[in-house]
Amino acid sequence: MCWVCDHPESTKAARLAYVKGLLEEHPWVVIGVDRDGGRPPYSYTVGLTEFDRPELLITGLAKERAAKVLIAVADTVLDAAALTVGARIQLPGNRPGEVVRVAEPSVHLPVSADLFGDRVTALQLVYADIRGRWPWDKNFRNGRAGQPVLGPRTRIAA
């Protein structure tokens, strides 16, 4: 279900009012953005900022699959310690992930930025392909759309 898709005539103010209403019922929500031309789909959270946590974002996955990953990781982040930039984590579906700081959250998470302004920070959940290769590795394959990484990679010592 996509409220914006069902209400293409809606204004930005109406869309923000809709999300605010959702946030009154739920602590946070996931926004999915469809593939557009050469840009792959991506999804992100809205509301984790209110818990002094970075919003989460994932690229290159269909909205339903992305939502499952974001929901599981956000629940963990709210119940435990914050994610560490550069850390390797296990994503749902037993897929390896790595945490990357999003360089420009206001560009990639527009609803979060509109609601929370300069307080918004974001972390991207980057995942390896089925062969264990990362987007920064030679021969990475992730379907037709790829997986853009929206910030610099920060490696931490193992």
Taking 46-57, 15-26, 95-106 and ranking on average Cβ neighbours within 10 Å, highest first, one gets 46-57, 95-106, 15-26
In degrees, nearest 10, the alpha-carbon axis of helix 12-25 is tilted away from the dominant principal axis of the alpha carbons of the chain by 80
Inter-part gap, Cα centre of the range 72-90 to Cα centre of the range 121-141, in whole angstrom, is 17
The range 3-127, convex hull of Cα, quarter of hull surface, nm² -> 7.8
For the range 99-139, the Cα-Cα pair-distance distribution in 10 Å bins from 0, as whole percents, is 29, 36, 23, 12
For the range 44-116, the Debye formula with one identical point scatterer on each Cα and no solvent gives log10 I(q)/I(0) at q = 0.11, 0.15, 0.24, 0.28 Å⁻¹ as -0.26, -0.49, -1.33, -1.65
Length gained, Gln90-Asp34, 0.36 nm per residue minus C-alpha separation, equals 17.6 nm
To the nearest 0.05, the calculated FRET efficiency linking Asp75 and Tyr18 through their beta-carbon distance, R0 being 22 Å, is 0.45
Checked the range 61-158 against the a/c 1.5 cut and the a/b vs b/c comparison, axes a ≥ b ≥ c from its Cα gyration tensor; verdict rounded
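Here, each number is a calculation from the coordinates, and none is a lab measurement. For clarity, every value in this text was computed on a predicted model and none was experimentally measured. Cβ: placed from backbone, ideal geometry, glycine included. Neighbour counts: every protein chain shown.
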